[in-house]
Amino acid sequence: MEILILKENSFVCSHKGGLVTFSYEDLVSIECEKPLIRLRLNEMTISIKTTLCNIENHLDVFFVRVNRQVIVNMKYATQIISNPKEDRIQLKNGLEYKISERKKKNVRLSFLQYV
């Protein structure tokens, strides 16, 4: 059984048979790949069974949903790449995610506020 406990400034989850604690500051992005959620941290990636909404409700305001499957920590954002087909957000670690049309305005405002 996987464990995910969301606290005020950190979270505890099961990893490799044990439990680990991480600060939200270390969380770069959260990706939904049903039935798993992938937590991308500075040092590692952890996959757990939960919902994106369950995690999203506990995050600070600098975490922004960029599309249906991804939430990013705007403190790791480096640029928004615009082209005629789609906009993308690039993070410090090289990860890049598509920004949905519905989320574009909110992502741009958050980028200006937190970067």
Hey, got the dipole for the chain? About the Cα centre, +1 on K and R Cβ, -1 on D and E Cβ, debye to the nearest 20?
440 debye
Leaving ligands, DNA and RNA out of it, work out the accessible area of LEU109 with a 1.4 Å probe and give it in Å² to the nearest 10.
100 Å²
Phi to ³J(HN,Hα) by Karplus 6.51 cos²θ - 1.76 cosθ + 1.60 over the range 42-57, Hz, x for Gly, Pro:
4, 9, 7, 10, 10, 10, 9, 9, 6, 10, 4, 4, 4, 6, 4, 5
Would you count, across the chain, every pair of lysines whose alpha carbons are under 23 angstrom apart, provided the pair is eight or more residues apart or spans two chains?
20
Which value, in Å², gives the accessible area per residue of the chain when a 1.4 Å probe is used on the protein heavy atoms?
61 Å²
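How large, in percent, is the carbon and sulfur part of the accessible surface of the chain at a probe radius of 1.4 Å? Kindly include the intermediate steps, with their values, before the conclusion.
Working: 3440 of 7010 Å².
Its accessible area is 49 percent carbon and sulfur atoms.
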Compare the Cα positions of TYR97, THR21, THR50 along the charge dipole of the chain (+1 at Cβ of Lys, Arg; -1 at Cβ of Asp, Glu; about the Cα centre) and return the one farthest towards the positive end.
TYR97
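Distances longer than 18 Å among the Cα atoms of the chain: what percent of all pairs is that?
Numbers: 3127 of 6555 pairs.
Here the tail beyond 18 Å accounts for 48 percent of pairs.
The values are calculated or read from the model by the stated rules, or taken from the named source; none is laboratory data. The structure presented is a predicted model; accordingly, all values stated were derived computationally and were not measured. Here Cβ is always computed from backbone atoms with ideal geometry, including for glycine, and neighbour counts include all displayed protein chains. These area figures cover heavy atoms from the full protein model, side chains too; ligands, DNA and RNA do not enter into them. Shrake-Rupley method; radii C 1.70, N 1.55, O 1.52, S 1.80 Å.
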